[in-house]
Amino acid sequence: MIELIKSINQDYAGFLACLISFFTVITTIVYVLFTYSQMKATKESVKVMQDGMKQEKQPCIGIEIETASIGKCFGDYGRRQMFFKFRVENIGDSPALSTYCISNLKLNSIKHKNGGEIVKMDYQPHYLPYLRVGQKQHADNRYENLQIEYLFKDITVRHAKNMKRLEENPWRNPYQGPEIHIHVFYKNINNQWFESHLIQEVLRIADESITTSPYTPPPEELEADKSYSLKLISNQFSSLQIRMVDWDYVKEMLVECQDE
């Protein structure tokens, strides 16, 4: 009997050793996979927590146009400028960094010479390096003769269309005037970029020396020695959109402004 047991041990010792090694390898692989899955789940949980913390405290910039005006002509070539002066305020709970303020006009009754509806400003963006929580700052964007001419023509055509509408189809909704679009780009301390985008309709151009009603027609022409104010639609009917954007979009907008 003892001899039989010795014979079995000698014949199957290698097989048993291989079998034990195989199960050991399988067990090790299972343990490694389980450990890896646990580490991955933990890493994803940490990332979710970090993203949540980033999104909890963010800057948020509100925009309010204070004045919009067209100045008198100056210089030897009848040059004049149009200004949109507005206030930006960080109403969020984190500082706003590298704030760029740019704007453009959207035509609704005529087209730009390039066939489009957007008229861009001539000047560099208004730059504010830092806006702390609750801080207010003043900014402005300016336009030159060509942009003023487009705005004047669009308002004039819009007025004529609305007068015809009142005669023929008074139940139809009024034709919309040109719009001022103000874009404020800013980033948080985590280098994430945001955009606050204000859209406000320009109703009419008025001689600053005369009090006009909402239905006063635009002047037949802009006189060189007069300044004018732009009457905008009420803030309650304006649109303010706030969203997260990427740097490529911000860079594209800034480059277009420089090219113009």
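Readers should treat all values here as calculations from the given coordinates under stated rules, not as data from a laboratory. This structure is a prediction, so every number in the text was calculated from the model and none was measured. So basically every Cβ, Gly included, is an ideal-geometry build from the backbone, and we count neighbours across all protein chains shown.
For the range 143-148, in order, what is each residue's ³J(HN,Hα) by Karplus, 6.51 cos²θ - 1.76 cosθ + 1.60 with θ = phi - 60°, in whole Hz (x at glycine and Pro)?
So the Karplus estimates, Gly and Pro as x, are 10, 10, 3, 4, 5, 4 Hz.
Using bins 10 angstrom wide from zero, how does P(r) for the range 119-180 break down, in % of all Cα pairs?
For the range 119-180, the binned pair fractions read 18, 29, 23, 20, 10, 1 percent.
For the range 87-119, state which trypsin sites (Lys or Arg not before Pro) are in a DSSP loop and have at most 16 other beta carbons lying within 10 Å of their beta carbon.
Working: sites: R87, K106, K111, K113; in loops: K111, K113.
Here the trypsin sites (Lys or Arg not before Pro) that fit, given the DSSP loop and packing criteria, are K111, K113.
Hey, can you rank 129-140, 236-247, 181-192 by average C-beta count inside 10 Å, highest first? Provide the component values of the computation, followed by the final result.
Numbers: 129-140: 14.2, 236-247: 11.8, 181-192: 18.7.
So the peptides 129-140, 236-247, 181-192, ranked by packing, come out 181-192, 129-140, 236-247.
Would you mind getting me the FRET efficiency between K43 and H197? Use the beta-carbon distance for r and R0 = 41 Å, nearest 0.05. Provide the component values of the computation, followed by the final result.
On the way: r = 36 Å, r/R0 = 0.87.
Efficiency at R0 = 41 Å is approximately 0.70.
Counting alpha carbon pairs within less than 8 Å and at least 6 residues apart, what relative contact order, in whole percent, applies to the range 57-259? Walk me through the numbers on the way to the answer.
On the way: 450 pairs, mean separation 48.1, N = 203.
Rounded, it is 24 percent for the range 57-259.
Decide, for the range 57-259, between rounded, prolate and oblate: order the square roots of the alpha carbon gyration tensor eigenvalues as a ≥ b ≥ c, take rounded if a/c falls under 1.5, and otherwise choose prolate if a/b is larger than b/c, else oblate. Let's see the in-between values first.
Working: a/c = 1.96, a/b = 1.67, b/c = 1.18.
Prolate is the answer for the range 57-259, as a/c is 1.5 or above and a/b outweighs b/c.
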